[in-house]
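Accompanying notes for the structure given below.
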Amino acid sequence: MASPPQGQIDCVTTIPKASLPLAEVIERLRSEPRYAQNIVTWRTQEAAPAQFAPYPDWVHPDLKKTLQEYRFGQLYTHQRRVADLAHEGKNVCVVTPTASGKTLCYNLPVLDAICRKEGGRALYLFPTKALSQDQVAELNGVIAKLPQGARCYTYDGDTPSSTRAVLRQTGEIIVTNPYMLHGGILPNHVKWTDLFQGLRYVVVDELHAYRGVFGSHVANVFRRLRRIARHYGADPVFLSSSATIANPQEHARKLLGVPVELVTESGAPQGKRHFCLYNPPVVNRDLGLRANTLEEARRLSGLFAGGAVQAIYFVRSRQMVEVLTKYLKDRNRDRGLPDQTVCAYRGGYLPRLRRTIERGLRDGEIHEVVSTNALELGVDIGSLDVAVLTGYPGTLASTVQQAGRAGRRAGTSLAVMLCRSTALDQYVAAHPEYVLDRPQEAAVIDPDNLIVFVNHLKCAAFELPFDEGTDFGGNPVTGEVLDYLAREARILHKAGGRYHWMAEAYPAEDVSLTSADVDYFVVIDEDKNIVMAEVSRADAMTQIHEGAIYGFQGEQFLISRIEYDDRRAYAKRINPDYFTEAEVDVDVRVVHADEDRAGPGFRLHRGEVGVKTLATVFKKIKFYTRENVGAGEIDLPPEEMETTAAWMLMDGAVAIELGLNDPRNAGAWSGIGYLLQHLLPLYLGCGVGDVRRKTEIRSAEFGCPSLFLVDNTPGGVGLAERIFEIWPTLLRAARERLEACACAYGCPACIGPNARTGVLGKDVARRILARCANAPQAAPPVDPDLSADSSAAPSPSSLS
């Protein structure tokens, strides 16, 4: 089916086939009633001119000539400032807007050192593979024109074993990621002697990505790195860059473990930027339903089609990437436009395809790209004009990064954030200042968290012995922990005032930087007998079960069979008029409770839980209309994990008083769980999907109503602790959201769709919250990163 069914209202049909310039797009959005009536607020940031500085005298003349001929005729003032500080041997963190030329800030001093052929080497660290590949391409473009040349290599999980020995011995610039540094380079430092002896610079890009538990682990990896560098007589300068956060200098110092100079004044030009907060129209006032954001993005896309502007659409899931990509390609076919100018970009695609898409965006061959947050970080995709965000991403930092993907050069740009019908997005729609005027979130880490610290102390002891009386990262408990590891754990041996590793185990193998190990299925095109993509084992039950429709670049493939043990799924190209959505059943059991306290009518607990997730059935959802046109069963093994959770148990007498002994009110109880889950990002800076919920009106384990909010990362990343702390505030916020919602019976903006909660659902939920949240007005959302464990990390393979 190539177009919407007859009779459906579709704004796209009224847009001319000719492509509109951006100025006209902006004018039509602001002036035409069908668009203007949905605009909540519109902010404009005026353009700013460039501020230039000459190259410093210390730059090698060959490098200066090469850079000027390449494309850097002059330096921006912040590039000159960072380069001078680095040349003076000072650690630097540069925090300037997206596309302000931060890369040259560190490439200039690094390449200058390499040009002099004095044995200087550099280590580049990026949080994702895509960024690593992107930076190598940029570096090699300059290196190819340098008379002296330079040997720059990528070292990651895809690096062939035959290449690894060569790059260890000859690589002057090694580009890698924290996972490979932790598990591959540091434990094998004797094989990297040349690198460590000549290590002059360590470059850490996207500093803001290293926060929470992930950042706490990486801070200890840097402690190990500095320790090994000192062992080989090196004292590298750390050069880092970050998106805007509230505490860049403090965060850099804590993460890197060294004093840091901060550069924040940008000399790069900035084009005029427009930001539009757009709330789709209400389609059913009683049920509180608004137009689907994916459909609204499709309608707005008619303004951008044709090539006069380049646009990126950020959506919340891989499946929705494929659905919207299909819609945009259908639109192009209907208009006689080439569908090759529309592409999808997401995790699961193989690296070669992702690089091809990135190149197509830079070259202007691709006009529109639909992406998950995989393109949120700084991969070079050229100059885009429009960014459409289909929903609030969950954090202010992500909002700024995604909106900043438009206008990466000096031209005018437009970012449109579409609000979903959820409680979170409707809060943002009602309080646009939350996004537009709130200070940036702080990045918080705790490198001295005892569990994290001890794990990396083991790794450090494996790498080099510890002398008695020395500390690790300035932590005063180092000696006490070393004594424990020697006397009690018996993995260290103390002799002659030194602690030596004596266990057979390889400690880095047992220390995950993210608490999440990833196992993948491959998806095989049956007709071509080639691997199309990868899917994590945890996602397999919902994405590639037999009968699933698997989207790939807007085309649809039927999963005909799955070989679970061999981690293979076979897909056959078809042309259905539907996509599939799986439903899962979650079972939560308490392993042990670590903390509890009383609340009004309930008791609150926090502890370790076991979670079993089973995909049960899938629905066939018709494109464009979202009708349910069929269903099927899923027969795959469950996924199990141990993690942490916070949960409330209602007092039995109170439950009867509120009607929770009546099974008909189960929907209201479930709706409260839905509302709490969707409000969490306002307080924790996490995504809605980072926490799972489980409600039972009569728990088999406890015999009373139970509501669990579960950290969705194996082992937990600290979310349960924060949820436990803010639970009373969360209940009060839920009560306020429910009272403020204009729907009659319940809707996605409060306790969920009326079809699930029942006609009396809102009234029952109101009584429950009035009883459990009987306190003054909820505190406004605060800085989400109050805990070092409040955010997870990019996955090791960066498959967003």
With label points set 7 Å from each Cα along the Cα-to-Cβ direction at residue 774 and residue 230, the distance between them in nm comes to 5.9
Relative to the present Cα-Cα distance, how much length would full extension add between residue 568 and residue 527 at 0.36 nm per residue of separation? 13.3 nm
Counting only protein heavy atoms and rolling a 1.4 Å probe, one gets per residue an accessible area for the chain in Å² of 39
Interchain or long-range residues, amide H under 5 Å from residue 238's placed H: 91, 92, 202
For the chain, the dipole about the Cα centre with charges only on Cβ (Lys and Arg +1, Asp and Glu -1), to the nearest 20 debye, works out at 1600
Provide the net charge surrounding residue 230, with neighbours chosen by a C-beta distance below 15 Å and charges set as Lys +1, Arg +1, Asp -1, Glu -1. +1
Sorting check: for 522-529, 97-104, which peptide has the highest mean count of neighbouring beta carbons within 10 Å, and how do the rest follow? 97-104, 522-529
Classify segment 99-188 as rounded, prolate or oblate from the Cα gyration tensor: take a ≥ b ≥ c as the square roots of its eigenvalues, call it rounded if a/c is under 1.5, otherwise prolate when a/b beats b/c and oblate if not. oblate
Is the shape of segment 308-426 best called rounded, prolate or oblate, per the rule: a/c under 1.5 gives rounded, else a/b larger than b/c gives prolate, else oblate, with a ≥ b ≥ c the square roots of the Cα gyration tensor eigenvalues? rounded
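Using a Förster distance of 22 angstrom, determine the FRET efficiency expected from the C-beta separation of residue 592 and residue 698, and round it to 0.05.
0.45
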Suppose a student asked you for the relative contact order of the chain, using Cα pairs under 8 Å spaced at least 6 residues apart; what percent would you report? 14
If packing is taken as the average count of other Cβ atoms within 10 Å, what order do 396-402, 30-36 fall into, highest mean first? 396-402, 30-36
So, in Å, what gap is there between the alpha-carbon centers of segment 37-112 and segment 194-212? 19
Loop-only GluC sites (Glu not before Pro) in segment 427-503, please: DSSP not H, G, I, E or B, and at most 11 other Cβ atoms within 10 Å. 488
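Report the full-extension gain for the segment residue 617 to residue 23: residue separation times 0.36 nm, less the Cα-Cα distance, to one decimal in nm.
Details: separation 594, 0.36 × 594 = 213.84 nm, distance 4.73 nm.
Stretched fully, the residue 617-residue 23 segment lengthens by 209.1 nm.
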Aspartates and glutamates near residue 272 by alpha-carbon distance under 18 Å, same-chain residues fewer than 8 away left out - which ones? 24, 27, 46, 385
Once both label points are put 7 Å beyond Cα along the C-beta direction, the residue 365-residue 118 separation in nm becomes 4.4
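Calculate the FRET efficiency for residue 39 and residue 190 from the Cβ-Cβ distance with a Förster distance of 56 Å, rounded to the nearest 0.05.
Result of the calculation: an efficiency of 0.35.
Take each uninterrupted DSSP H stretch in the chain, measure its Cα extent along the helix axis, and return the ones at 24 Å or beyond whose mean Kyte-Doolittle hydropathy is at least -0.5.
Values: long enough: 212-231 (29 Å, -0.20); 318-335 (26 Å, -1.52); 719-740 (28 Å, -0.05).
Those that clear 24 Å and a mean of -0.5 are 212-231, 719-740.
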Going by Cα centres, segment 662-681 and segment 472-542 are how many Å apart? 37
Label-point gap, in nm, between residue 739 and residue 138 - each point 7 angstrom along Cα→Cβ: 5.0
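Taking 0.36 nm per intervening residue step and subtracting the Cα-Cα distance, what contour gain separates residue 333 from residue 60 on full extension? The partial results should precede the final answer.
Numbers: separation 273, 0.36 × 273 = 98.28 nm, distance 5.33 nm.
Length gained between residue 333 and residue 60: 92.9 nm.
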Listed values (i) 1.91; (ii) 0.97; (iii) 1.73, entry calculated as Cα Rg over 2.2 N^0.38 Å: (ii)
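Which trypsin sites (Lys or Arg not before Pro) does segment 610-640 hold that lie in a coil by DSSP with at most 15 other beta carbons within 10 Å?
Numbers: sites: 612, 619, 620, 622, 626; in loops: 626.
Filter output for segment 610-640: 626.
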The answer for residue 607, listing residues at least 5 apart or on another chain whose modeled amide H is closer than 5 Å to its amide H, is 594, 645
Residue 552 long-range amide H proximity, modeled H, under 5 Å: 557
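Determine the dipole magnitude for segment 49-148: charges of +1 sit on the beta-carbon of Lys and Arg, -1 on that of Asp and Glu, nothing else is charged, the reference point is the Cα centre, and the result goes in debye to the nearest 20.
On the way: 12 positive and 9 negative charges, 18 e Å.
Taking the Cα centre of segment 49-148 as origin, the dipole is about 80 debye.
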Which residue, chosen from 496, 181, 459, occupies the Cα position most advanced towards the positive end of the dipole of the chain, where the dipole is computed from +1 (Lys, Arg) and -1 (Asp, Glu) charges on Cβ about the Cα centre? 181
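The values are calculated or read from the model by the stated rules, or taken from the named source; none is laboratory data. Note that this is a predicted model, so its numbers are computed, not measured. Note that each Cβ is placed from the backbone with ideal geometry, even for glycine, and that neighbours are counted across all protein chains shown. With ligands, DNA and RNA removed, areas are computed over all heavy atoms of the protein, side chains included. Shrake-Rupley method; radii C 1.70, N 1.55, O 1.52, S 1.80 Å.
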